[in-house]
Structures are given as C-alpha cells and as structure tokens.
1. With the requirement that a residue be at pLDDT below 95 and either buried (at least 20 other Cβ atoms within 10 Å of the Cβ) or at positive phi (or both), what does region 78-95 give you?
2. Scanning region 52-77 for residues that are in contact with a Leu (Cβ under 9 Å, 6 or more places away or on another chain) and surrounded by fewer than 20 Cβ atoms within 10 Å (Cβ to Cβ), which turns out nearest to residue 109 (Cα to Cα)?
3. Identify, please: which residue in region 9-25 is hydrophobic (A, V, I, L, M, F, W, C) and over 14 Å from residue 146 (Cα atoms) and is, among those, modelled with the highest pLDDT?
4. Evaluate the following for residue 13: is it in a loop (DSSP other than H, G, I, E, B), among the β-branched types (Val, Ile, Thr) and either touching a strand residue (DSSP E or B) at 6+ places or on another chain (Cβ under 7 Å) or free of Cβ contacts under 8 Å to residues at least 60 places away in the same chain (or both)?
5. Considering only residues that are in a loop (DSSP other than H, G, I, E, B) and of a type in the set (Asp, Glu), look in region 102-118 and name the one that is surrounded by the most Cβ atoms within 10 Å (Cβ to Cβ).
6. Return the residues of region 99-111 that are of a type in the set (A, V, I, L, M, F, W, C) and modelled with pLDDT under 95; say none if nothing qualifies.
7. Need the failing condition index for residue 24 against (1) at negative phi; (2) hydroxyl-bearing (Ser, Thr, Tyr); (3) out of contact with any helix residue (DSSP H, G or I) (no Cβ under 7 Å at 6 or more places or on another chain), just the number.
8. Would you confirm whether or not region 2-9 contains a residue that is in a strand (DSSP E or B) and closer than 23 Å to residue 107 by Cβ?
Amino acid sequence: MTQRITGLYKFFIDKKSFSINNAYYVLNPDYERVVYVDQPAFAVSKKLKFYADDMKYNTLFSVVQDQIVQPINAKFTMYDADDNPLAKFHANLMDNLAKRNVTILTPDESPICQLVEESAVGGLLGALSGANFLFLAQDDVLGKFLTGPNEEKMFTLELDPTKKLDQRVALGAAIILYARLI
C-alpha cells in the first residue's frame, strides 16, 4: 500500500474546481492532499484513476467499469498499481432509486461489506441533497461516509478496530458514490 494513506483511517474528499475532467483531492485529517483522483470526462466506460498527486506520475490504483453498458447492475473492479484486482463493487441501479447500496467484494466475489445509505430520504433525492452511508459487515459498522449538504465530504474507518476493510477499497467505494457512478 502506498505510504501516503497507510495508517490513515479518516479522509476528506474535495472536488477540484475548474477541471475538464471530474477530479477530486483526498485529504488527510490535517487537510493535506494525499491522493488525486481523476475521472476522464469523455471516456467510453467509467473509470477512476487514483494518483499520488495531480501531476499523475505515480498511479496508486484504479476503479474500472466492468462493461460499457450496464442498464441494471453496475459492476466495477478495483486494481492496484500493477493491475492486480483488489476488490469488486456491485450495485443494482433499480434498487438504488430508493436507497443507494454498494456491495463490496473480494476479487473472487466473496462479500467484504456493504456501503449502505442511512438517510431516510434516500435514492435520487439523497443523491441530489447529500446522504450519509455506513460501511456494514453483517451487523458491524466498520466506518461512515458523510456527504450531507452541510457537511464536509468525509469518510472514516475509525470504527473498524480489526481493520477488516482495506483503506484503498473504502476510498474507491466512497469516490464511486461521490462521483455518482452508482
């Protein structure tokens, strides 16, 4: 894992202003930039690339849409810098109209946890107004991703004492939701 996020369990997400691509900065608790995320604006399939900084020299990991056309089930795979699969993300887009939910899986599709919207509004309204999400493994809350309209875009894995969820995977899931890919 990259040293830039090793040992960090709380991150802030800031959307870069004035960019052709959708771009995001990931900040540590001291508001220092630790990861730059780029989503090409004119790509055929949805893809996020995570870099050490906005110069884009050092790729840390990426999240790629599995198929170009995904009308009902959105599926993404996360890869490390050497293109080895780290995780998979699945979501039923029809179910997400009511309440957004992303299933986070190992590369062989064994369940790790779910990123579940906890808002009562949910779905489309939650996507427009901001919503809060929980990283859930069975009945255990591993972390939170807060995106409310008056809140900073922040996620934390401080509730995961066993560190079951890889920070890179949690960051990938959070950015997928924040970028409205699912």
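The values are calculated or read from the model by the stated rules, or taken from the named source; none is laboratory data. Keep in mind it's a predicted model, so treat the numbers as computed, not measured. Positions of Cβ are generated from backbone atoms using ideal geometry, with glycine treated the same way; all protein chains shown enter the neighbour counts.
1. Answer for region 78-95, where residues must be at pLDDT below 95 and either buried (at least 20 other Cβ atoms within 10 Å of the Cβ) or at positive phi (or both): just 91.
2. The extreme case among them is 77.
3. 23
4. Spelling it out, it is not the case that residue 13 is in a loop (DSSP other than H, G, I, E, B), among the β-branched types (Val, Ile, Thr) and either touching a strand residue (DSSP E or B) at 6+ places or on another chain (Cβ under 7 Å) or free of Cβ contacts under 8 Å to residues at least 60 places away in the same chain (or both).
5. 118
6. Matches in region 99-111: 102 only.
7. So residue 24 meets the others, but not (3).
8. No, that holds for no residue.
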